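The values are calculated or read from the model by the stated rules, or taken from the named source; none is laboratory data. Values in this document were obtained by computation on a predicted structure and should not be read as measured data. No Cβ is skipped: glycine too gets one built from the backbone with ideal geometry, and neighbour counts run over all protein chains shown. Note: areas computed on protein heavy atoms with side chains; ligands, DNA, RNA excluded. Shrake-Rupley method; radii C 1.70, N 1.55, O 1.52, S 1.80 Å.
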Amino acid sequence: IRFQSEAATPAAGDWKAIEFLAGSADAVFDGGGNYVSGSILEYVEVSHGGSVDGAVIARSASPFFNHVTISNSETSGLYLAKSSSSISPLVKVLASNMSNNGGYGIYLQGYQYNISLTVDGSQVSYNGSGGISTGSGDSGGAHIFTYTNNTIEQNGGDGIWAGANGTQ
């Protein structure tokens, strides 16, 4: 499945984004960590979007991203945000590629955001601002960030910026 620009010469930001909002069903995983139900993007390519925040946005939602490629976004590739007083459970990004985006490969608004993020077996490279960012903040929120078996390289800033409080 491909989401891409229709322009003869595609450019970053040609279209806005794919958005998961608070009303979408959060991904559910069994005791072994296997996907059971809920919102999912799987075997999807997203390119030349991201005119606002990111090419794929989850606002107070926790979809599962499996074998997803997000590239050439004007802003970040994957952008995880919240609305006030929201709690979102685990967001998993597995076997995915976030590359050549103007912002971060993955940006999580971690300040006062009750969420856990797992990134496993993924490639995060050549992004303008950096590889993965948890945002920043000094109070509020409960989160666990887990990064395993990833290649994070050649990004414009830090490979991983862990500015939000929480276990990382």
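Quick rundown of the values:
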| item | result |
| --- | --- |
| F29-A162 pseudo-label distance in nm [points 7 Å out on the Cα-to-Cβ vector] | 1.8 |
| Of all accessible heavy-atom area on region 1-85, the percent that carbon and sulfur account for (1.4 Å) | 48 |
| Residues of the chain: accessible area per residue with a 1.4 Å probe, Å² | 44 |
| Sequence of H143, H48, H67 when ordered by accessible area, the most exposed leading, probe 1.4 angstrom | H67, H48, H143 |
| Backbone N under 18 Å from the A7 label point (7 Å along Cα→Cβ), restricted to region 47-67 | 47-56 |
| Pairwise label distance in nanometres, T146 with A95, each label 7 Å out on the Cα-Cβ vector | 1.8 |
| Calculated P(r) over Cα pairs in 10 Å bins from 0, in percent (choose from (1) 10, 35, 34, 18, 3, 0; (2) 12, 42, 38, 8, 1; (3) 9, 28, 23, 10, 7, 6, 6, 5, 4, 2, 0), label | (2) |
| Net length gained if the chain between E153 and V36 were fully extended (0.36 nm per residue, minus Cα distance) | 38.9 nm |
| Which of N66, N114, N149, positive extreme of dipole for the chain (C-beta unit charges) | N114 |
| Relative contact order of the chain, pairs being alpha-carbon contacts under 8 Å that are 6 or more residues apart, as % | 16 |
| Computed magnitude of the charge dipole of the chain (debye, nearest 20; Cβ of K, R +1, Cβ of D, E -1) | 180 |
